[in-house]
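The values are calculated or read from the model by the stated rules, or taken from the named source; none is laboratory data. Just so you know, these numbers come straight off a predicted model, no measurement behind them. Reconstructed Cβ throughout: ideal geometry from the backbone, glycine too, with neighbour counts over all protein chains shown. Heavy atoms of the whole protein, side chains included, go into the accessibility calculation; ligands, DNA and RNA do not. Shrake-Rupley method; radii C 1.70, N 1.55, O 1.52, S 1.80 Å.
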Amino acid sequence: MKKIRINSFAVLAFVVTFIFTTFNANANQTRENVIKRGSLNCGVSQGVPGFSNADASGKWTGLDVDFCRALAAAVLGDPNKVKYTPLSAKDRFEVLKAGDIDVLARNTTWTLARDGGLAVEFIGVNFYDGQGFLVRKAANINSAKKLNNVKVCLETGTTTELNLRDYFNANKLKYEQIGFTKADDAVAAYDAGRCEVYTTDKSGIAANRTKTKNPADHIILPETISKEPLGPVVRGNDENWVNIARWTLNVMIEAEEYNVTKKNIDSLKSTTDPVIKRLLGLEGDLGKNLNLDNNWSYNIVKLVGNYGESYEANVGTKTPVNLPRALNASWRKGGILYAPPVR
């Protein structure tokens, strides 16, 4: 009987190729899974008013929630087909990578270490922010540079800890950190007097100040000690899903640039403006590039609204969070919010 020689390198190459092919086949199917399931799994915060927060009946609202609703509108044609999963800062990326959620929209800062080291991908910025400090008015502190020998409450597992350390070391200030895995616990501890300072992104401070017993008794100090570009995150191994999520955000931003709103979108169907026609799905075949139908962008604006509508409804100056647009205004109105053209 003739012996058959097996080339070990050929076998190894076959196994590696099989694993790689299988991995990519399984990974590159988020859109299909969402459609088959009939709902989008969205990871959100454990409760940040204006961004992602559930009311007493369990209804979720907020700027980040609206992004998830817009993504569901683009893929499923229904913004209400979303399941929300509250996540701590510590667990959020692991839950996303495990495939338990399809997108993370949880006031998350875009950094090099996260973008390059976690096998995830940020699809854009939906809120430009920076870290600040909340103190009691009665303390008569008007600058962060006067925060010496203080106890500081914060949520762990965030960029907040490193920023805090850097700022206090650079200014030769001493502090004691009191950390919590839940933002609500950190706020409650601060409100109960366990620490003199509460710190997080300024948007989070404005939101969480509404949870204190007497919000008017607290002030946000003027200093902004970091850059915190916040945005939605998806797994990095599904190019089609990355593109769908990215262009969902871009559509919301560009719709505001051209004053296309959920109220007026139907009245614009006779427009001759090519940009608006593309947003309405009346020109080109852009949906095909995302493996979606051509109503995808129309559904985003019609069923959820443009970025400005979402901002004003959730965190604008007429809400309890009361955040002026500032950097988050459209570039046409002096801000830095800017989207690549939907074309």
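What the table shows:
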quantity: Computed P(r) (all Cα pairs; region 131-226; 10 Å bins; percent); calculated: 17, 59, 24, 1
quantity: Pair-distance profile P(r), taking every C-alpha pair of region 157-273, with 10 angstrom steps and integer %; calculated: 10, 28, 24, 21, 13, 4, 0
quantity: Gyration tensor (Cα) of the chain, equivalent ellipsoid semi-axes in angstrom; calculated: 38, 30, 17
quantity: Distant-in-sequence amide H partners of ASP129 (H built 1.01 Å from N, under 5 Å); calculated: GLU228, LEU230
quantity: Estimated Rh, region 41-105: Kirkwood, alpha-carbon pairs, angstrom; calculated: 11.7 Å
quantity: Charge sum, other residues only, whose C-beta stays under 13 Å from LYS318's C-beta, Lys/Arg counted +1 and Asp/Glu -1; calculated: -1
quantity: Percent carbon-and-sulfur accessible area, the chain, ignoring ligands, DNA and RNA, probe 1.4 Å; calculated: 53 percent
quantity: Charge tally in the Cβ shell below 14 Å around GLU257, where Lys, Arg are +1 and Asp, Glu are -1, GLU257 excluded; calculated: +1
quantity: Relative packing of peptides 63-69, 164-170, 130-136, 148-154 - highest average C-beta neighbours within 10 Å first; calculated: 63-69, 130-136, 148-154, 164-170
quantity: Which listed pairs, of LYS277/LYS318; LYS137/LYS227; LYS146/LYS182; LYS145/LYS172; LYS145/LYS227, have C-alpha distances above 20 Å, in listed order; calculated: LYS277/LYS318; LYS137/LYS227; LYS146/LYS182
quantity: For PHE122, net neighbour charge (Lys/Arg +1, Asp/Glu -1) across residues whose Cβ lies under 11 Å away; calculated: 0
quantity: In Hz, Karplus ³J(HN,Hα) per residue of region 38-49 (6.51, -1.76, 1.60; θ = phi - 60°; x = Gly, Pro); calculated: x, 7, 9, 9, 10, x, 10, 6, 8, x, 10, x
quantity: Average accessible surface area per residue within region 106-247, 1.4 Å rolling probe, Å²; calculated: 44 Å²
quantity: Rounded if a/c under 1.5, otherwise prolate or oblate - region 252-296, Cα gyration tensor axes; calculated: prolate
quantity: Ordering of 81-88, 94-101 by burial proxy (mean other Cβ atoms within 10 Å per residue, highest first); calculated: 81-88, 94-101
quantity: Vicinal HN-Hα couplings computed from phi for region 293-303 (Karplus, 6.51 cos²θ - 1.76 cosθ + 1.60; Hz; Gly/Pro x); calculated: 7, 7, 8, 4, 6, 4, 4, 4, 6, 5, 9
